[in-house]
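Scroll down for the structure; my scribbles are underneath it.
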Amino acid sequence: MSLLQIENLSLAIHGVPILKGVSLEVTPGRILGVIGESGSGKSITAFSAMRLLPNGTDCSGRITLAGQDILARSEAEMCAIRGRDVGMVFQEPMTALNPLKTIGAQVAETILIHEKVSKAQALERAAEALRRAELPQDRFPLSRYPHELSGGQRQRVVIAMAIALRPKLLIADEPTTALDVTTQAQILKLLKRLVVEDGMGLMLISHDLAVVADLADDLVIMRKGEVVEAGPAKSLFRTMKHPYSKALLEASGHVPDRAGEAADMSLLEVRKVVRDYVTHTHGWWGKTGHYRAVNEVSFEIRKGESLGLVGESGCGKSTLTRAILGLEEVQGGEILFDGQPVFTHHHANKAVRRRMQVVFQDPYGSFNPRWRVDRLVTEPFHLLDNPPKGAERDNAVAEALESVGLTADDRYKYIHEFSGGQRQRIAIARALIIKPDLIILDEAVSALDVSVRAQVLDLLAALSDRLGLTYLFISHDLSVVRSITDRVLVMKAGEIVEEGPTGAVFDAPKHDYTRQLVAAAPVLPADVVA
């Protein structure tokens, strides 16, 4: 018996075709994984099931939810269906939650909209929904605000909102993309438990095959608004026929070719670094405390080496990165770059700073959307004593863009005119333009599709070989770290708990925490990889 059935759905927005004859089915108690790259039509298919479509949309085909013809329902009827019969879990919990309302009020709001109950009753049921989402009231009071929670906890609040009325269908749109591997595993386990307990159907949308490999009962693979392959998950992995499906599978386990070798000399030395933060006072007369984010961390990076740094959110990775870049001074220890201190007289050493650059996780968020690409990529020129001007500047911009596979004419465009992968290439071009020795990549590929991620990793490997670059690769994706790093550091609670050659650490971890990270990482079925 079908819970959600989409038959031959075609959809156009202002005359532009988006979906072309899409058909899929979700049954009670089963999980359907919908896989595909950005722009493949995954999310718009899910939004169609809830009739959350923009103005100017034309639909044909048929969508039924628990026997109801969704396309024939009025907007008032759809408002009653959304939240009650079908719940939605969005990718970014912070934007899905109201920062001005407590978590209890936000979960209770769903109940109050659909049922005639008192506010006290709604809050009582909200507490139960949060408990089921593994946020018990004794540890997470209803009075908490979203900013007081971690990313994984916020995602649990969004899940609690979606299941508060025990809907028949739950749609989860990239619910774990920005989460650590252990938190990701916990969220996926939670979703599976809720499916079993409530007998609801789950449509799980993801761009990563490995994420849904062990979770989904059925799979649908989409490309450019069409379903290219579908079937039971266990058999589909072994019987894939479409070239796009095979390409996705190959990209999920892609390992770039790297020919360069690290030199014997150290480029960066971190010696017993300590970084404390002052905590807030409690009450008028309370004393301030201190929180130690980095505790006596020591390591080195050799010239030409690619070093990985892994750990969960809050372990101190970003704090350590800011210290290395000279953005935050440390309270203890020292950081030396090619023998020179990163800080001199409590200020960043400009001569050292210009030899390091960083590539951030969100390329769109790290750019000024009002600036053209030529101005964006030349931002690091402020570190130079005599920045190039005129024709010399134009040549530097063209060289940087062409080195990452873009064209010199792309300098005249704005950042919104590029895809996610192209934006990340521009971010790498910005890092390259002053010819640094060390590039810090802070979750630089975590938000990219697997095929685009493979292309960016190939680019980074090629640049390292050609230019002799050194990388500090920070990521929560262990498969990425394994594919492109020579050595890896594992960080927990501000300390390095394990380090060594990447393959040795991941194949035979010695620390319990490393074992937890490796065990939580999503992997494709062993026989498929083989």
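The values are calculated or read from the model by the stated rules, or taken from the named source; none is laboratory data. Computed from a predicted model, the values in this text were never measured in an experiment. Backbone-built Cβ (ideal geometry, glycine too); neighbour counts: all protein chains shown.
The residue list Arg84, Arg131 contains one member that is under 24 Å from Leu204 (Cβ atoms), among the basic types (Lys, Arg) and touching a residue at least 60 places away in the same chain (Cβ under 8 Å), which is Arg84. Among the residues here, Gln357 qualifies as closer than 30 Å to Ser419 by Cβ, touching a Pro at 6+ places or on another chain (Cβ under 7 Å), in contact (Cβ under 8 Å) with a residue 60 or more places away in the chain and of a type in the set (S, T, N, Q).
Only one of the numbered conditions (1) touching a helix residue (DSSP H, G or I) at 6+ places or on another chain (Cβ under 7 Å); (2) touching a residue at least 60 places away in the same chain (Cβ under 8 Å); (3) not small (Gly, Ala, Ser) is violated by Arg51, and that is (2).
Filtered by the rule that a residue be out of contact with any Pro (no Cβ under 7 Å at 6 or more places or on another chain) and either under 19 Å from Gln184 (Cα atoms) or basic (Lys, Arg) (or both), the range 82-107 gives Arg82, Met88, Phe90, Glu92, Pro93, Thr95, Ala96, Lys101.
Scan the range 421-447 for residues that are in a loop (DSSP other than H, G, I, E, B), without any contact (Cβ under 8 Å) to a residue 40 or more places away in the chain and under 25 Å from Leu209 (Cβ atoms) and report the count. Explain how you work it out, then say what you get.
Pass one, the range 421-447, residues in a loop (DSSP other than H, G, I, E, B): 433-437, 443-447.
In the following step, the residues that additionally are without any contact (Cβ under 8 Å) to a residue 40 or more places away in the chain were identified as 435, 445.
This time we only want the ones that are under 25 Å from Leu209 (Cβ atoms), so: 445.
Here the count works out to 1.
Select, from Ala210, Ala230, the only residue that is of a type in the set (Gly, Ala, Ser), outside any strand (DSSP E or B) and either in contact (Cβ under 8 Å) with a residue 24 or more places away in the chain or closer than 28 Å to Thr514 by Cβ (or both). When all the criteria are applied, what remains is Ala210. When each of Leu188, Leu112 is tested for being touching a residue at least 12 places away in the same chain (Cβ under 8 Å) and either surrounded by 18 or more Cβ atoms within 10 Å (Cβ to Cβ) or of a type outside the set (Lys, Arg) (or both), the lone residue that passes is Leu188.
Please verify whether Gly326 is under 21 Å from Arg482 (Cβ atoms) and not hydroxyl-bearing (Ser, Thr, Tyr), treating the condition exactly as stated. Break it down into steps so the answer makes sense when it comes.
On the way: under 21 Å from Arg482 (Cβ atoms): no; not hydroxyl-bearing (Ser, Thr, Tyr): yes.
No, not satisfied.
Of all residues in the range 25-61, those satisfying the criterion of being surrounded by 20 or more Cβ atoms within 10 Å (Cβ to Cβ) and part of a strand (DSSP E or B) are Val26, Ile31, Leu32, Gly33, Val34, Ile35.
Just checking, how many residues over the range 294-304 are touching a residue at least 60 places away in the same chain (Cβ under 8 Å) and surrounded by fewer than 22 Cβ atoms within 10 Å (Cβ to Cβ)? Can you show your working first?
The initial filter retains those residues of the range 294-304 that are touching a residue at least 60 places away in the same chain (Cβ under 8 Å), namely 294-299, 301-304.
Retained after the next criterion (residues that are surrounded by fewer than 22 Cβ atoms within 10 Å (Cβ to Cβ)): 295-296, 298-299, 302-304.
So the count comes out to 7.
For the range 365-374, the criterion of being modelled with pLDDT of 90 or more and under 25 Å from Ser483 (Cα atoms) is satisfied by no residue at all.
Go through the range 124-174 and report how many residues are under 21 Å from Asp198 (Cα atoms) and outside any loop (DSSP other than H, G, I, E, B).
So in the range 124-174, the residues under 21 Å from Asp198 (Cα atoms) come out as 124-136, 155-173.
From what's left, outside any loop (DSSP other than H, G, I, E, B): 124-132, 155-163, 169-173.
Total satisfying the criteria: 23.
Within the range 192-208, restricting attention to residues that are among the hydrophobic types (A, V, I, L, M, F, W, C) and touching a Leu at 6+ places or on another chain (Cβ under 6 Å), which residue is surrounded by the fewest Cβ atoms within 10 Å (Cβ to Cβ)? Out of the qualifying residues, it is Val195.
Determine, yes or no, whether Asp257 is surrounded by fewer than 16 Cβ atoms within 10 Å (Cβ to Cβ) and outside the structural domain of Leu11 (by TED's automatic domain parsing). Quick ask: steps written out before the conclusion?
Working: surrounded by fewer than 16 Cβ atoms within 10 Å (Cβ to Cβ): yes; outside the structural domain of Leu11 (by TED's automatic domain parsing): yes.
The answer is yes for Asp257.
For the range 2-46, how many residues meet the condition of being of a type outside the set (A, V, I, L, M) and over 21 Å from the mean Cα position of the chain (by Cα)? Of the residues in the range 2-46, 17 are of a type outside the set (A, V, I, L, M) and over 21 Å from the mean Cα position of the chain (by Cα).
From the list Ala461, Ala447, which one is crowded, with 18+ Cβ neighbours inside 10 Å, over 30 Å from Glu296 (Cβ atoms) and touching a Pro at 6+ places or on another chain (Cβ under 7 Å)?
Details: Ala447 fails: touching a Pro at 6+ places or on another chain (Cβ under 7 Å).
When all the criteria are applied, what remains is Ala461.
If you go through the range 304-352 and keep only what is of a type in the set (Val, Ile, Thr), within 20 Å of Glu495 (Cα to Cα) and not in a strand (DSSP E or B), you end up with Thr319, Thr321, Ile324, Val330. In the range 70-88, which residues are in a loop (DSSP other than H, G, I, E, B), within 14 Å of Ile113 (Cα to Cα) and of a type outside the set (D, E, K, R)? Result: Gly83, single match.
Residues considered: Arg73, Arg139, Arg84. Of these, the only one that is surrounded by 18 or more Cβ atoms within 10 Å (Cβ to Cβ) and in the same structural domain as Leu170 (by TED's automatic domain parsing) is Arg84.
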